[in-house]
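This report refers to the structure that appears directly beneath it.
The values are calculated or read from the model by the stated rules, or taken from the named source; none is laboratory data. All figures in this text were calculated on a predicted structure; none of them were measured in a lab. Every residue, glycine as well, gets a Cβ built from its backbone with ideal geometry; the counts of neighbours run over all protein chains shown. Surface accessibility is based on the protein's heavy atoms, side chains included, excluding ligands, DNA and RNA. Shrake-Rupley method; radii C 1.70, N 1.55, O 1.52, S 1.80 Å.
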Amino acid sequence: MARDDWVFDGGRRAIATERIYAMATELIVRDGLDAFNVDALAARTHCSRATIYRYVGGKKDIRDAVLARTAARIVETVRTSVEGRTGPERVLPAIEVAVAEIRSDPAGQLFLDSAQGGRGWTWLTASPAVAELATELTGLAVDDARAAQWIVRLVLSLLFWPDTDPYAEHLMLQRFVAPAFAESGGSQSSG
């Protein structure tokens, strides 16, 4: 008996998983995190709830994976934009590109929504994974956890309280953030 089902097409679990996550992202962006449910996802992907659970888990697992995938896209964009830079020449673009990507990516708002939701802000500002990304992307010294947390808080403040003039926002970062990472000032790694 031949199967005409995308889940089993080629027998590739990765294809099925990608398709489920892509559709979940679409539903979450369209309807929001709180409205997302596995029944709607199963209907959109033309498979059963059991297939969804078997391939990607439940609602929380799916939402976490969508957030992680969004973060990975944003991180890769930032990583590319700061490659080979150090000090303020790395930190400022890292912050500005991260903020711009989160603001422009429809799924980027998921970060903010998830922080405002039941988990609160503590998980985001205290997350070792988020601090590690801030450390890597800005070129901070690995042992400077406070600076990494400060960068996370700075990005959040720009997201929630943006200046109405993007150039004024840039000037503010140059004036107040860049000096903290100048050669004679704040902690930074050499690469």
1/(1 + (r/R0)^6) with r = Cβ-Cβ of Leu112 and Met172, R0 = 25 Å, i.e. FRET efficiency to nearest 0.05, evaluates to 0.75
For Asp31 and Glu83, calculate 0.36 nm times their separation in residues minus their Cα-Cα distance, and state this gained length in nm to one decimal.
15.2 nm
Show the residues, 5+ positions off or on another chain, whose built amide H is closer than 5 Å to the amide H of Leu140.
Ser189
Counting Lys +1, Arg +1, Asp -1, Glu -1, what net charge surrounds His170 among other residues with beta carbon under 11 Å of its beta carbon?
-3
Using heavy-atom solvent-accessible surface (probe 1.4 Å) with all chains present, what is the largest-first order of Trp161, Trp150?
Trp161, Trp150
Under the Karplus curve 6.51 cos²θ - 1.76 cosθ + 1.60, θ = phi - 60°, whole-Hz ³J(HN,Hα) for segment 48-64, x wherever Gly or Pro sits:
7, 4, 4, 5, 4, 4, 5, 8, 10, x, x, 4, 5, 4, 5, 4, 4
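Net charge within 15 Å of Ala65 by Cβ-Cβ distance, Lys/Arg positive one each and Asp/Glu negative one each, not counting Ala65 itself?
Values: positive: Arg13, Arg19, Arg54, Lys59, Lys60, Arg63, Arg69, Arg73; negative: Glu18, Glu26, Asp61, Asp64.
Computed value for this residue: +4.
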Counting heavy atoms of the protein chains only and a 1.4 Å probe, report the per residue accessible area for segment 8-77 as a whole number of Å².
53
